[in-house]
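A quick write-up on the structure given underneath.
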Amino acid sequence: MTNIHPIHDRIVQRAEREIGNGHRAGVIWLTGLSGSGKSTIAAAVERELFTAGHFVVLLDGDNVRTGLCGDLGFSLEDRKENIRRIAETARLFVAAGAQVLCSFVSPTREIRAMAQDIIGAEDFYEVFVNTPLEVCEARDVKGLYAKARAGEIKGFTGIDSPYEAPENPFLDLKTAEQTVAASAQEVVRAIRNELTLQG
Ligand SMILES: Nc1ncnc2c1ncn2[C@@H]1O[C@H](COP(=O)(O)OP(=O)(O)O)[C@@H](O)[C@H]1O
Ligand SMILES: [Mg+2]
């Protein structure tokens, strides 16, 4: 790119920040259907890690779509651009030493592969919030499934837009079989084990 001058040799290095924080940085990417439990689990994990003194940041569908991605809709193309911006944002936070929780439907393998490419495979931990469609629909936290079934929302993931389950996720959370606290604990434990300074 013209007139862009990297400043890598002047900025505070990620490794220095990680030592200061007492943990490594990384992105925990939660994917799953609407109502699967991504936001609920991510918020519980954020609270616990924050309380333990971690530098933790939560990027969630609902906060990102009002600002950073407020101009985007839900076509596959817009979903892709949405995820691209989020992944770039997560990458900046990783460079700043943060543990970033990203909770987005991110419905296709292609979209998640793009996020992983942007963030870097070594910093990307895919968490499948694995809740059957029937359970998500029965929960219907936001009443969106009812609207999608009534044809009031088009292109709703799981109804008339595809969701492709991860093939080899870092974690596979079966939320229909466990409490919120147990699901969150699985994520916290994995982050604590994986993102140590020695690791
Ligand atoms: N083990 C679990 N993990 C996460 N959520 C659960 C679990 N069991 C039940 N739930 C409920 O499922 C709903 C998930 O909603 P939400 O977190 O908004 O989903 P998403 O962000 O994936 O759309 C919440 O009402 C939550 O209390
Ligand atoms: Mg959510």
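The values are calculated or read from the model by the stated rules, or taken from the named source; none is laboratory data. The model shown is predicted, which means the values in this text are computed figures rather than measured ones. All Cβ positions, glycine included, derive from the backbone under ideal geometry; neighbour counts span all protein chains shown. Calculation scope for accessible area: heavy atoms of the full protein, side chains included, ligands and nucleic acids excluded. Shrake-Rupley method; radii C 1.70, N 1.55, O 1.52, S 1.80 Å.
Details
- For GLU194, net neighbour charge (Lys/Arg +1, Asp/Glu -1) across residues whose Cβ lies under 14 Å away: -2
- Distance between the pseudo-spin-label points of ALA95 and GLN198 (7 Å out from Cα toward the beta carbon): 3.1 nm.
- For the stretch 64-123: rounded, prolate or oblate by the Cα gyration tensor [a/c cutoff 1.5]: oblate
- Rounded, prolate or oblate (a/c below 1.5 giving rounded, otherwise prolate when a/b exceeds b/c) for the stretch 1-97 by Cα gyration tensor: oblate
- A full extension of the chain between GLN178 and ARG109 corresponds to an added length of 22.3 nm, given 0.36 nm per residue minus the alpha carbon distance.
- Heavy atoms of GLU122: accessible area, 1.4 Å probe, square angstrom to 10: 120 Å²
- About the centre of its Cα atoms, the chain shows a dipole size close to 320 debye [charges on the beta carbon of Lys, Arg (+1) and Asp, Glu (-1) only; nearest 20 debye].
- For the residues GLY97, GLY61, GLY155, a GNM of the chain with alpha-carbon springs under 10 Å puts the largest fluctuation on GLY155.
- Using C-alpha pairs below 8 Å separated by at least 6 residues, the relative contact order for the stretch 31-146 is 42 percent.
- Accessible-area order (highest first, 1.4 angstrom probe) of the listed residues TYR163, TYR145, TYR125: TYR163, TYR125, TYR145
- For the stretch 29-79 versus the stretch 87-139, the spacing of their alpha-carbon centroids is 9 Å.
- For the stretch 42-105, the list of chymotrypsin sites (Phe, Trp or Tyr not before Pro) that fall in a loop by DSSP and count at most 10 other C-beta atoms within 10 angstrom is empty.
- Calculated P(r) of the stretch 21-193 - Cα pairs past 21 Å, %: 45 percent
- ARG192 accessible area, 1.4 Å probe, all protein chains in place, Å² to nearest 10: 110 Å²
- When the pairs LYS38/LYS80; LYS147/LYS174; LYS38/LYS142 are compared against a 21 Å limit on Cα-Cα distance, LYS147/LYS174 fall above it.
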